[in-house]
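Colleague: Can you read through this structure? Questions will come right after.
The values are calculated or read from the model by the stated rules, or taken from the named source; none is laboratory data. Note that the coordinates shown come from a computational prediction; the quantities given were computed from them, not determined experimentally. Quick reminder, even Gly has a Cβ in these numbers, built from the backbone with ideal geometry, and neighbours come from all protein chains shown. For accessibility, only protein heavy atoms count, side chains too; no ligands or nucleic acids. Shrake-Rupley method; radii C 1.70, N 1.55, O 1.52, S 1.80 Å.
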Amino acid sequence: MSGRDLLGIFNLLLVAGVVAAVSYFALTLRPAEYDADTLCIAGIVPPHRVVIIDKTDLYSTQQAAAIERIILTQRDTLAVGERLSLFELDESGRLDDTNQFSLCNPGSGDQVNPLYRNPDRIQARYEALFDAPLQQALADLVIAKDAPQSPILEALAELTQQESMAQTVPGRRIVLVSDMLQNSDIFSVYGRSRGALPDRLPPVEETVQAIRDQYGFALGGVTMEIHLIERPGWETEQTGPLRAYWTNVFRQLDVNVSWQILPADSYS
């Protein structure tokens with residue numbers, strides 16, 4: 001075989017290698033297909049982050065602005081493909097999704113591969129299909145309403161009964177904005193005439209069993225971030241015995257919980 005033949009074979013192999021490499025990268029780096037309704041990657045169960053605003057008590061204008069910032073922070077820290085949903089614990093004491101915001105982050109202009117997608121077009125798509133509906137939902141979500149009941153724990157457990165927050169969903173995260181002043185049949189923080197708060201709360205084990213009897217173990221494995229809204233006159237109990245009680249309840253329910261305190265006097 002002549003040197004020219006060898007060179008020809010080498011060139012053919014080189015071209016074949018380049019074609020194979022281009023085909024491989026085209027298949028592995030091309031944009032994924034998105035569901036038109038949810039913007040989630042088709043065929044994949046995405047991580048799910050849920051923000052719950054407890055609207056069973058009233059908020060000041062400053063508090064509403066702080067709550068809006070919390071939600072926007074969640075938006076800005078979403079991974080591409082991660083789902084964000086907004087709920088409120090409404091004036092009837094029920095978990096409500098009337099704002100109907102539950103979408104996956106399709107990626108903003110600076111989150112996409114410019115080799116395969118136009119960043120400007122992607123940013124425009126992100127703003128129109130993801131951010132604009134979020135802004136519309138925020139308009140009502142931060143308007144608080146007074147409510148006769150505040151079944152916070154039941155609402156959290158009910159959420160995990162939904163398919164999108166079932167135990168098979170990866171990366172389940174709940175961001176709860178609340179004063180944590182539970183008021184339901186399971187337990188109530190109210191009734192100071194009955195004594196100090198620790199004396200009028202049921203045993204932790206009793207509360208945990210009541211939830212498991214009704215909802216099972218679906219809360220287990222959830223990561224929860226609580227933004228505690230302090231209420232005038234309740235601050236000492238909220239950040240002391242009540243926080244300790246909730247922490248013990250969540251620990252026994254296998255919920256990984258962290259706290260941030262929003263002081264009552266920080267909004268003036």
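Colleague: Select, from Leu39, Leu78, the only residue that is open to solvent by less than 20 Å² (accessible area, probe 1.4 Å), part of a loop (DSSP other than H, G, I, E, B) and touching a helix residue (DSSP H, G or I) at 6+ places or on another chain (Cβ under 7 Å).
Modeller: Leu39 is the lone residue from the list that is open to solvent by less than 20 Å² (accessible area, probe 1.4 Å), part of a loop (DSSP other than H, G, I, E, B) and touching a helix residue (DSSP H, G or I) at 6+ places or on another chain (Cβ under 7 Å).
Colleague: Would you mind telling me which numbered condition in (1) in contact with a strand residue (DSSP E or B) (Cβ under 8 Å, 6 or more places away or on another chain); (2) open to solvent by 70 Å² or more (accessible area, probe 1.4 Å); (3) not in a loop (DSSP other than H, G, I, E, B) Tyr190 fails?
Modeller: (3)
Colleague: Related question: Going residue by residue through the stretch 158-176, is there one that turns out to be in contact with a Lys or Arg (Cβ under 6 Å, 6 or more places away or on another chain) and in a loop (DSSP other than H, G, I, E, B)?
Modeller: Checked the stretch 158-176: no residue is in contact with a Lys or Arg (Cβ under 6 Å, 6 or more places away or on another chain) and in a loop (DSSP other than H, G, I, E, B).
Each row is one residue, and each column tells you yes or no for (1) at pLDDT 95 or above; (2) in a loop (DSSP other than H, G, I, E, B); (3) surrounded by 18 or more Cβ atoms within 10 Å (Cβ to Cβ).
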residue	(1), (2), (3)
Val208	yes, no, yes
Asp213	yes, no, no
Ala218	no, yes, yes
Gly221	yes, yes, no
Glu225	yes, no, yes
Arg231	no, yes, no
Pro241	yes, no, no
Phe250	yes, no, yes
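Colleague: Looking only at the stretch 44-58, how many residues end up being modelled with pLDDT under 85 and either closer than 7 Å to Glu82 by Cα or surrounded by 23 or more Cβ atoms within 10 Å (Cβ to Cβ) (or both)?
Modeller: Count: 2.
Colleague: Tell me the residue from Ser102, Ser60 that is over 23 Å from Gly171 (Cα atoms) and touching a residue at least 12 places away in the same chain (Cβ under 8 Å), please.
Modeller: Criteria check complete, one pass: Ser60.
Colleague: Looking only at residues that are open to solvent by 10 Å² or more (accessible area, probe 1.4 Å) and not charged (D, E, K, R) in the stretch 82-92, which one is farthest from Ile226 (Cα to Cα)?
Modeller: Checked the stretch 82-92; the qualifying residue farthest from Ile226 (Cα to Cα) is Ser92.
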